[in-house]
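Reading through the structure tokens given below for one structure.
The values are calculated or read from the model by the stated rules, or taken from the named source; none is laboratory data. Small disclaimer: the values here were computed from a predicted structure and weren't measured. Reconstructed Cβ throughout: ideal geometry from the backbone, glycine too, with neighbour counts over all protein chains shown. Please note that ligands, DNA and RNA were not included when accessible areas were found on the heavy atoms of the full protein model with its side chains. Shrake-Rupley method; radii C 1.70, N 1.55, O 1.52, S 1.80 Å.
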Amino acid sequence: KLQVGSGAVDFETATTMDVTLRVTDSGGATFDQSFTITVTDVNEAPTGMALSGDTVAENSAEGTDVGTLSATDADAGDTATYSIESQGVADAFKISGDKLQVGTGALDFEATPTMSVTVRSTDSSGLTFDKTFTVTLTDVNEAPSDISLSAATVAENSAQGTEIGTLSTTDVDA
């Protein structure tokens, strides 16, 4: 029997292998014959994934690009599709083609300055590779949301400069 040895058989490296076999009879006479073995391609799963950008401003509109995804696959010309497998905040991100984009969930720097999202790359034969990316949110100055006055009465005929009350504001930005 001719069997695969300890060396790697890899279609992407070589589509054929040449082997010479020698037969020796009981009298010591030999005969050599060369054979070409054809290596057939077997689909291999993607082995890596990258994201071109990993920063987005808080409160960005739905559909804002975070970055472009790319998969590493030993099979030349194999295509990949992407899907979100899990994320820290529901619907914070979505996939459009090969783009990771802002979804419908809230991106709030003050609550969570970094967010995780696990993306799955699926090749044309259905084999997959998952990778978790960390997306950094940048802070955006947000308008104050409330004004409070500690007191709202003043005596008639009060002199100019008489304190009525103390003002305070509510602002999510520290």
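Restricting segment 34-71 to residues that are under 30 Å from GLU110 (Cβ atoms) and acidic (Asp, Glu), the residue that is surrounded by the most Cβ atoms within 10 Å (Cβ to Cβ) is GLU58. Identification of strands (runs of 3 or more DSSP E) wholly contained in segment 128-174 with 2 or more residues that are open to solvent by 80 Å² or more (accessible area, probe 1.4 Å) and more than 30 Å from SER83 (Cα to Cα) yields 146-149, 167-170.
Among the residues of segment 95-117, is any surrounded by 13 or more Cβ atoms within 10 Å (Cβ to Cβ), touching a Ser or Thr at 6+ places or on another chain (Cβ under 8 Å), of a type in the set (D, E, K, R) and modelled with pLDDT under 95? Checked segment 95-117: no residue is surrounded by 13 or more Cβ atoms within 10 Å (Cβ to Cβ), touching a Ser or Thr at 6+ places or on another chain (Cβ under 8 Å), of a type in the set (D, E, K, R) and modelled with pLDDT under 95.
Give just the number: which of (1) open to solvent by 70 Å² or more (accessible area, probe 1.4 Å); (2) of a type outside the set (S, T, N, Q); (3) in contact (Cβ under 8 Å) with a residue 24 or more places away in the chain does PHE31 not satisfy? For PHE31, the failing item is (3).
State which residue is nearest to SER83 (Cα to Cα) when the search covers only segment 16-28 and only residues that are open to solvent by 70 Å² or more (accessible area, probe 1.4 Å) and under 43 Å from the mean Cα position of the chain (by Cα). Looking at the filtered set, the residue picked out is MET17. Considering (1) open to solvent by less than 50 Å² (accessible area, probe 1.4 Å); (2) touching a residue at least 60 places away in the same chain (Cβ under 8 Å), the lone condition that GLU12 does not fulfil carries the number (1).
Considering only residues in segment 75-91 that are of a type in the set (D, E, K, R) and open to solvent by 80 Å² or more (accessible area, probe 1.4 Å), the one that is farthest from THR136 (Cα to Cα) turns out to be GLU85.
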